[in-house]
Structures are given as C-alpha cells and as structure tokens.
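Input: a single structure, listed below in structure tokens.
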C-alpha cells in the first residue's frame, strides 16, 4: 500500500508564499500607513523645520533710508505728504539678498500721474528687485495732497537783535539785497504766507557798518516755517549805525575861594563848544554844559586852568574830555590900599601839607617866595580833578579813599611860559605807595610824576585810604 506524502517545493514554495503575502491588499494598506506616519513625523519635527533666517541658503536684510521718487506733472502741480525715504526689508536666497543690498539697482516711487488735485492715498511701489525676493516696505502707502503750483514775488524784511546796537547808538540804515525773492509752492500754502524775512545774526556789536548773508524764512501767521522753495534762498543784509550828536555851548562857572582883593575879570575858555554823543532824546534836551573852575589858590592873572567837562545824563561820549580856561584878575581898591600879605600866600600850601619835620615845611615857603619873585614872568596852570593812583596793594588787599572821598586832587603848576603852556593832564600822574601796609586806615603822602622844570602845588599834600581784605 502506497502512502501519499505532501509535495515539498523547497525554497520556491517559500518565495511563492512571500509574494502572495506582499501582494496582499492588507499588507499594502499597512505599509502605506506606516510610510505616511513617518513622513508626517518628519515634516512636523521642530528640530528639522527650516527657516529663512537660519537656513544657509536664505537670509533677510533691511535697507534703510531709501529715497522715494515721485511721478507727476511738476510744472503745474505741487505734491505734499510724500515721505522722503522708506526702509525696505528683503528676504530670499542669501546670495541674491547680499547682491541686491550691495548694488541697490532698484527704485521706490509714487506714481501720481493720473491723479487730480486733492488728497489721495497712494501705494508706494518698487521695481528692480529679483522675483526670488520678498520685499516689504516700512510705509506701504502715503497720504498725499496735490495742489496747483503757483509762483509769487515777495519783499524781504530784515530783522535784528537790538543787542548788536552799541549803547548811545541808533540804527542808521538797514537794506536787503535783493529786496525781493520768488516763492514757489502749493497754492494754498503760498496764500497762507504772512512773513518773508531774514534775520541779522551777529556775535558782537556793530562798530559802524556790517554786511552779512542770511537765509530767507517764509512763515505763516503762527510763525511756522512753510514748505516752499525760495529763489534766491539767501540774501545780503547791510546794517549801519550812527551815534546821534549835537554841538552845545560850554559855560564856565567860577567856584572856590579867591584871595582877598582879587576879582575875576574874565574866565576865557580855550574852546566855547563841545560835541555830545548819545541817545537822540537825551541830547535834544541839552543846550549848554556848565563847567566849574575851582579858583582856590589861583593868584596870578593869566593862569591857565584845565578841568574835566561834566558828562550830562544820557550822554555817552564827548568830543573832548576836558577844557582849559585863562583867568584874568582885576584888583579891587581895597586890594590896592592893602596888598595881600605875602606870608599868607606862603602859608596856604603849608596848611594843607602833612605835619612833618620843619625842614620839609620850609620847602613850600621857599617855593612861594620864588613864586612871588617871579610873578611877572611865571605862568600858572591849574589842573582839576586829577585821579590819585594807589600802588602796591597787591591782590590780597583792596583800597578805598577816605579823604578825599573821590580820590581826586587839584594841582597848581607854575613855571616859565614855554614850560607850562604845553602841559596837559596826560603829562601828570599822582600816586601814593601802599607797599607793606596792613589792613586799616593810612595817611599817605601824594607823589607827583611830571615835567621836572616846573613847580607843583597840590590842593592837599596827603590822602587817607582804607585797606581791607580783598
């Protein structure tokens, strides 16, 4: 009896079984599901997801201050509200981004060619960028106003700061060259113009005349600067000042105490007039200036006395600071009968000299005797209000006059006519030495610097000063 055994195909049978399994519908569905899951996981993985900024193939850069061009009828229209520049951000392949930023071969513009007068919202356009780039503008649109273009001529007013006019001076002339300018702008803006001016800007006072260049400003009623074009944009401004002046009379006035028996016959001024400078309203009120002549101690007829001219209120300057006069005496009958005691003439300067040793007091006496002997030949000059200089106080002390309070003295000068007649205040210096003195009150002898060939007699031989810590 034969047994029937199953047929074994070996490897070929296994292959047929696998082929049958792989061709199974359920296997294909499962495999597709597995692949889809893997792909989904790969795409949504945060670690593997690429970005433009981190990818070595893509990048982004911002280009700042790119000018905005405009397209419209510039001959008849004016546009306002257009931004002068915008910022542009470009994204894309790194090489293209870098090349675009380096070459900048692109354009940003507003096309308003077809727009009418009025206000419009206009998109800002661009061209010249690679299509592979993503372009973003910081201002994608602009609100613009289109108006009729007009041109008008305006006069230019010049303005200045009063601080540039020196004290005592007034404005003489202020001119602008050219006198008018041409202003171009939107009709509505030009109609709002209220001021067209130039400001004179100087760092110091004007001495006589200055010419400066200034920018023309166009303003509305609120003094806001208007967006218009001006031709020319700068003008020349010439400004000059003058010091009002007037010639007034000088009137000599006798002061002081005369010696007994002397009467002034004449006090003749070397100059009868002086020119005063100052504000116009101040000098208009002045017709004459009284000049006091202190004749105390003057005994010789023909003596010349020089004194400072008082400065009236409101006057800044005089054409001369001092004036001289020649005094002529007329003796009275009493003086003829009882001539003045010569000793009195000697004692006058002694009474004003400091109390010193007797030999020092004898010197003015001899001087007075010499004056009496040379009365017929000597000439006399009196200088009034001469300042006394305090020397040697240093930086640690400050000095003030106690007697005389103003620190001024009169000086009588006698000598040969040729020696005296040419002497003036500029030739004489009065001073005291305050070296090595402490704080407090001090009486100091007055020293005289001047021509040596004449004789000097001070109204007082010493002055009192007060020294205090500076």
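The values are calculated or read from the model by the stated rules, or taken from the named source; none is laboratory data. Every value quoted in this text rests on a predicted model; they were computed, and no experiment measured them. Cβ coordinates were reconstructed from backbone atoms using ideal geometry, including for glycine residues, and neighbour counts include every protein chain displayed.
The table for this structure:
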{"item": "Strands (runs of 3 or more DSSP E) completely within the range 337-429 that count 1 or more residues being at pLDDT below 85, exposed (fewer than 15 other Cβ atoms within 10 Å of the Cβ) and touching a helix residue (DSSP H, G or I) at 6+ places or on another chain (Cβ under 8 Å)", "result": "none"}
{"item": "Selection from the range 66-91 of residues that are more than 14 Å from residue 144 (Cα to Cα) and either modelled with pLDDT of 95 or more or assigned by TED's automatic domain parsing to the domain that holds residue 184 (or both)", "result": "66, 67, 85, 86, 87, 88, 89, 90, 91"}
{"item": "Residue match in the range 197-209 (condition: outside the structural domain of residue 80 (by TED's automatic domain parsing), part of a strand (DSSP E or B), free of Cβ contacts under 8 Å to residues at least 24 places away in the same chain and exposed (fewer than 15 other Cβ atoms within 10 Å of the Cβ))", "result": "no"}
{"item": "Test: residue in the range 259-273 that is buried (at least 16 other Cβ atoms within 10 Å of the Cβ) and closer than 21 Å to residue 456 by Cβ", "result": "yes"}
{"item": "Considering residues of the range 296-312 that are without any contact (Cβ under 8 Å) to a residue 60 or more places away in the chain and within 21 Å of residue 408 (Cα to Cα) only, the residue surrounded by the fewest Cβ atoms within 10 Å (Cβ to Cβ)", "result": "310"}
{"item": "Residue that is modelled with the lowest pLDDT, among those in the range 430-470 that are over 23 Å from residue 293 (Cβ atoms), part of a loop (DSSP other than H, G, I, E, B) and touching a strand residue (DSSP E or B) at 6+ places or on another chain (Cβ under 9 Å)", "result": "470"}
{"item": "Residue check, residue 190 over 30 Å from residue 313 (Cβ atoms) and in a strand (DSSP E or B)", "result": "no"}
{"item": "Matching residues, the range 136-161, being over 30 Å from residue 178 (Cα atoms) and crowded, with 17+ Cβ neighbours inside 10 Å", "result": "137, 142, 144, 146"}
{"item": "Qualifying positions in the range 210-255 - touching a residue at least 60 places away in the same chain (Cβ under 8 Å), surrounded by 13 or more Cβ atoms within 10 Å (Cβ to Cβ) and in a loop (DSSP other than H, G, I, E, B)", "result": "216, 243, 244"}
